[in-house]
Amino acid sequence: MSENRAFLIVMDSAGIGGAPDADRFFNGALPDSGANTIGHIAAAQPLNMPHLARLGLGSAIRLASGQDAPGLMVQPEGLWGAATEISPGKDTPSGHWEIAGVPVPWEWHYFPDTVPSFPAEVTQRLCELAGTEGILANCHASGTQVIDDFGVEHIRTGWPICYTSVDSVLQIAAHEEHFGLDRLIALCEGIAPMLHRMRVGRAIARPFLGETPGQFKRTPNRRDFAIAPPADTILDIATKAGRVTHAIGKIGDIFSHRGISHLHKGKSDADLAEHLVRLGQEAEPGSLTFANFVEFDTNFGHRRDVPGYAAQLEWFDAVAGRFLATLRPGDLAIFTADHGNDPSWPGTDHTRERVPVLGYGLGSRAVGNVGYSDIGASVMAHLGLPKTQHGQSFI
């Protein structure tokens, strides 16, 4: 058995330029063609990211978009390139599944931007599961705004706040104390099979606390109930071969907890960073660690907060430096993303972008434009495991 270790780290939403088919994806009436999450942030304020820049982040941005990124243009010392998605979406499951070797083989179902958004049969089933006479919101909404808009009524009536977005998702917000966290999670778990039959990607529990608008705050106890991948991912292949797999953050939820030996969660990306650094020191020979850092997306991308996203990128680069210092000969670390969420772009939704592919452990190597599935295939090759159904190794 190969003793090589692999670490696959997803910076959620850290895109580097509009994908070739970005004109088919929209924020409102505007196509995503010119979006460039990290590039536009760097143009607004030069970024101090020495560790990822040294791997080749600036060169990857130039390759993907033709633009230079102030603060990031240094001679690459790592493996670098850009990846393009083929799955018909710009969401978390699509990106992660394809990175893991399973492009999405169907069109996701999306709820319309109308009031109500949900069909009567979905609303009826939600009421049955919640034991209520109705639901609140039933529309496209921002997750932070919707609890301010409906939180007081939710506490008074006990009705769950149900909303969606341009993603293939149904989210349910409820008060941890007045409604109950366990009850909220059971509600999401109960509605998930119906949604999955409709090809809706996820049911998400969004608990919150507080008593008045402005004080309502979401808690870290989010739970995602995602549709299972339709074929074996790199996690399945690794565990079936007897390897240990570690999932950090949302990875367990994204892959329906399939193919995972150990799950490492936290209340924030800062907690997840400590798990990553610790596993750099402790992960078993031959193991696969798969991590997602979500706060780029949730805290700054959707909120169109350029300075906040910039600060998060610089914070994460320092984490990357600490983590890379723990690695051993024979280790491979790949930093990538699942989609874009350009905080300088109109709207509040994800952007269809190419993503960086930055590798440590194989010396300086330009891999060019690759596919998402090539990332997973390369991880399997490094671990000496059977390749995924899709993708070709670039190592």
Of residues in the range 199-219 being free of Cβ contacts under 8 Å to residues at least 40 places away in the same chain and not hydrophobic (A, V, I, L, M, F, W, C), the one surrounded by the most Cβ atoms within 10 Å (Cβ to Cβ): Pro207
Cβ-Cβ under 9 Å pairs, at least 6 apart or on other chains, the range 270-284 side touching a residue at least 60 places away in the same chain (Cβ under 8 Å) and part of a helix (DSSP H, G or I), far side small (Gly, Ala, Ser) and open to solvent by 10 Å² or more (accessible area, probe 1.4 Å): Gly280/Ala325
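Would you pick out the residues in the range 330-344 that are small (Gly, Ala, Ser) and in a loop (DSSP other than H, G, I, E, B)? Spell out the reasoning first.
Here is the first cut: in the range 330-344, the ones small (Gly, Ala, Ser) are 330, 333, 337, 340, 344.
Once the filter is applied, which keeps residues that are small (Gly, Ala, Ser) and in a loop (DSSP other than H, G, I, E, B), the range 330-344 yields Gly330, Ala337, Ser344.
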The one condition in (1) of a type in the set (Gly, Ala, Ser); (2) at pLDDT below 95; (3) part of a helix (DSSP H, G or I) that Gly347 fails to fulfil: (3)
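So which of Phe111, Phe7 ends up being among the aromatic types (Phe, Trp, Tyr) and more than 30 Å from Ala238 (Cα to Cα)?
Details: Phe7 fails: more than 30 Å from Ala238 (Cα to Cα).
Of the residues listed, the single one that is among the aromatic types (Phe, Trp, Tyr) and more than 30 Å from Ala238 (Cα to Cα) is Phe111.
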The one condition in (1) closer than 22 Å to Ala82 by Cβ; (2) surrounded by fewer than 20 Cβ atoms within 10 Å (Cβ to Cβ); (3) out of contact with any strand residue (DSSP E or B) (no Cβ under 8 Å at 6 or more places or on another chain) that Leu362 fails to fulfil: (3)
Neighbours by Cβ (under 7 Å, 6+ apart or cross-chain): first from the range 367-393, farther than 20 Å from His339 by Cβ and open to solvent by less than 20 Å² (accessible area, probe 1.4 Å); second modelled with pLDDT under 95 and small (Gly, Ala, Ser): Leu383/Ser2
Subset of the range 166-178 (residues that are under 29 Å from Pro230 (Cβ atoms) and buried (at least 22 other Cβ atoms within 10 Å of the Cβ)): Asp167, Ser168, Val169, Leu170, Gln171, Ile172
Number of the condition not met by Leu8 [criteria: (1) out of contact with any Phe, Trp or Tyr (no Cβ under 6 Å at 6 or more places or on another chain); (2) not in a helix (DSSP H, G or I)]: (1)
Enumeration of residues in the range 220-252 that are outside any loop (DSSP other than H, G, I, E, B), open to solvent by 40 Å² or more (accessible area, probe 1.4 Å), free of Cβ contacts under 8 Å to residues at least 24 places away in the same chain and charged (D, E, K, R): Lys240
Extreme residue, farthest from the chain's Cα centre (by Cα), among residues of the range 179-190 that are within 19 Å of Gln124 (Cα to Cα) and surrounded by fewer than 23 Cβ atoms within 10 Å (Cβ to Cβ): Arg183
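Name the residues in the range 286-305 that are at pLDDT 95 or above, open to solvent by less than 30 Å² (accessible area, probe 1.4 Å) and in a helix (DSSP H, G or I), would you? Write out each step before concluding.
Looking only at the range 286-305, we keep the residues that are at pLDDT 95 or above, and these are 286-297, 300-301, 304-305.
Still in the list and also open to solvent by less than 30 Å² (accessible area, probe 1.4 Å): 286-294, 296-297, 301.
Of everything in the range 286-305, those that are at pLDDT 95 or above, open to solvent by less than 30 Å² (accessible area, probe 1.4 Å) and in a helix (DSSP H, G or I) turn out to be Phe296, Asp297, Gly301.
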Unmet criterion (only one of (1) in a loop (DSSP other than H, G, I, E, B); (2) open to solvent by 50 Å² or more (accessible area, probe 1.4 Å); (3) under 21 Å from Val294 (Cβ atoms); (4) not acidic (Asp, Glu)) for Pro46: (3)
Residue within the range 141-155 that is in a loop (DSSP other than H, G, I, E, B), without any contact (Cβ under 8 Å) to a residue 40 or more places away in the chain, β-branched (Val, Ile, Thr) and surrounded by 15 or more Cβ atoms within 10 Å (Cβ to Cβ) present: no
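Select from the range 101-117 the residues that are among the aromatic types (Phe, Trp, Tyr) and either over 26 Å from the mean Cα position of the chain (by Cα) or open to solvent by 10 Å² or more (accessible area, probe 1.4 Å) (or both) and list them in ascending order. So that I can check it myself, show each step before the final result.
Just the residues of the range 101-117 that are among the aromatic types (Phe, Trp, Tyr), to begin with: 106, 108, 110-111.
Answer for the range 101-117, where residues must be among the aromatic types (Phe, Trp, Tyr) and either over 26 Å from the mean Cα position of the chain (by Cα) or open to solvent by 10 Å² or more (accessible area, probe 1.4 Å) (or both): Trp106, Trp108, Tyr110.
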Answer residue from the range 65-100, given it is of a type in the set (A, V, I, L, M, F, W, C), open to solvent by less than 10 Å² (accessible area, probe 1.4 Å) and within 27 Å of Thr388 (Cα to Cα) and is farthest from the chain's Cα centre (by Cα) among those: Leu79
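The values are calculated or read from the model by the stated rules, or taken from the named source; none is laboratory data. On a predicted model such as this, the values are computed, not experimentally measured, just so you know. Virtual Cβ from ideal backbone geometry, glycine too; neighbours counted across all protein chains shown. Areas reflect the complete protein model, heavy atoms only, side chains present, ligands, DNA and RNA absent. Shrake-Rupley method; radii C 1.70, N 1.55, O 1.52, S 1.80 Å.
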